[in-house]
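Below: the structure, in C-alpha cells.
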Ligand SMILES: Cc1ncc(COP(=O)(O)O)c(C=O)c1O
C-alpha cells in the first residue's frame, strides 16, 4: 500500500523534534551536530532568537495579505537586497525552483520584448541542479532528472561543465542566457574558478547574452561573501536565491538589473505566497546578520579553521577520504567509499552531513557554528571514519 506521504524521498530513520543553534535533538534525546543546515537553509542555525522574534512578531500582527496590496516587509527586504547587491529589483518566491521558473521567463521575455523572438535558448551545464519543476529539470537535463517526464521543456542547450571550446561553439544569436551555479551544490561542491566566471561574463557581454547565476545553495553568506559571485568580482544580470535567505522559512527571490527585468511588467508574473509578510520579516532579520561585513569575516575565519581540520581528517583516513573542496562553509569531502555510507556512519556518530553527486559528502554547517562546535564536528567525523575503516 502506498504510504500516506508520497514516497519520493529516501528518509533516514531520524526524527528531529527540536533545533538549537548548530544542534538537532532527536525524539530519543540524542543531540546531533548539524553540518547540513537542512541543505544550506538554516544559515543562522536553529531557533536563532532574532529570527524567532521576527517571525513571532509578524505572526502576531499579520500572516498573509495578497500581492494585490502593499506589503511593507517585502519592500524592506527588497530594499536591503538592492542596497547590498548588483540588483535594481527583486521578485519574491517561496523556493529555489520558483526562482528558476522566473529567471527563465525573465530572460526569454527580455529578448521577446526586444523583437528577437527566436532568442529563447538557455545554456546550462552538466552536474547542475536548478529545481524539480518542468523548467528546472529541463535546465539540468541529466537523465536522472528528466527520465519519464517527457515531453521535456525545450530551449536548453546542455554543455559539459568546464568545456570552454563547446561553450564558445554554442554561442549564437539564439542564445538568450547562460545559467550556472557559481558553486555546484548537488553536483558535488564544485566551485567555478573565478577566471571562468569572469570569462563567462565577458562572453555574455561580447554577445549580448544574459548571465543568470543560481545562488540558491551557494548564496546568502555561505561562501564567505554575501553572494558567491562576488569572489570573482563580476555581477550577473539575473540571480536566483532561496534557502538561506529565509533561514528556515520558505522564501526565495530573483534579483535582476533594471535592464534584464525590463520585460517583466504588470501581469507577466505573480505568486500567491511569494513575498508574504512572514517570510519577508524573517528575510529582513537574516539579511541584517548575514550582510554585516563582520559576520562574513567570521564565516571566512571559521571556514579556514574547518577546512584545515578537514585536511587533517582526510590525511588520517586515506581509505575513506580523497580530499576537501569548496568555498567558505560550503565544503565537500570527496570520498573513496559511497557517500551514503559515510553519511550513515556520521549519523551513528551523531553528526549530520549531506550526500552529493561525484562521490562527495557535503558540509554546510550553520554560518553561526562556533569554534568548539567545529572541533567537535571534526571529532565526530573522525569517529565515523574510524568506524568505516
Ligand atoms: C542550486 C540550486 N538551485 C535550485 C534548487 C531548488 O530549490 P528548492 O528545493 O528550494 O526548490 C536547489 C535546491 O537544492 C539548488 O541547490
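The values are calculated or read from the model by the stated rules, or taken from the named source; none is laboratory data. Nothing here was measured: the structure is a model prediction, and the numbers come from that model. Cβ: placed from backbone, ideal geometry, glycine included. Neighbour counts: every protein chain shown.
The criterion of at least 1 residues that are under 20 Å from the mean Cα position of the chain (by Cα) and more than 15 Å from the ligand (Cβ to nearest atom) is met, among helices (runs of 4 or more DSSP H) falling completely within region 125-223, by 194-207. Each residue in region 355-389 was checked for being under 17 Å from the mean Cα position of the chain (by Cα) and closer than 13 Å to residue 32 by Cβ, and 2 of them qualify. Here the condition is being more than 13 Å from the chain's Cα centre (by Cα), over 24 Å from residue 325 (Cβ atoms) and either away from the ligand (no atom under 15 Å from the Cβ) or at pLDDT 95 or above (or both); of 246, 252, 233, 267, it holds for 267 alone.
Checking each residue in region 224-239 for being assigned to a loop (DSSP other than H, G, I, E, B) and closer than 19 Å to residue 40 by Cα picks out 224, 225, 226, 227. Within this structure, residue 365 passes the test of being under 20 Å from residue 304 (Cβ atoms) and in a loop (DSSP other than H, G, I, E, B). Residues that are buried (at least 24 other Cβ atoms within 10 Å of the Cβ) and in a helix (DSSP H, G or I) were ranked within region 270-280; the one that is farthest from the ligand (Cβ to nearest atom) is 280. Scanning region 335-368 for residues that are over 17 Å from residue 16 (Cβ atoms), touching a strand residue (DSSP E or B) at 6+ places or on another chain (Cβ under 8 Å) and crowded, with 18+ Cβ neighbours inside 10 Å yields 335, 339, 342, 355, 356, 360, 361, 362, 363, 368.
Tell me the helices (runs of 4 or more DSSP H) entirely within region 30-123 that contain at least 3 residues that are over 21 Å from the mean Cα position of the chain (by Cα) and either more than 16 Å from the ligand (Cβ to nearest atom) or crowded, with 20+ Cβ neighbours inside 10 Å (or both).
Working: elements: 37-40, 49-61, 72-84, 96-113.
Helices (runs of 4 or more DSSP H) meeting the threshold: 49-61, 72-84, 96-113.
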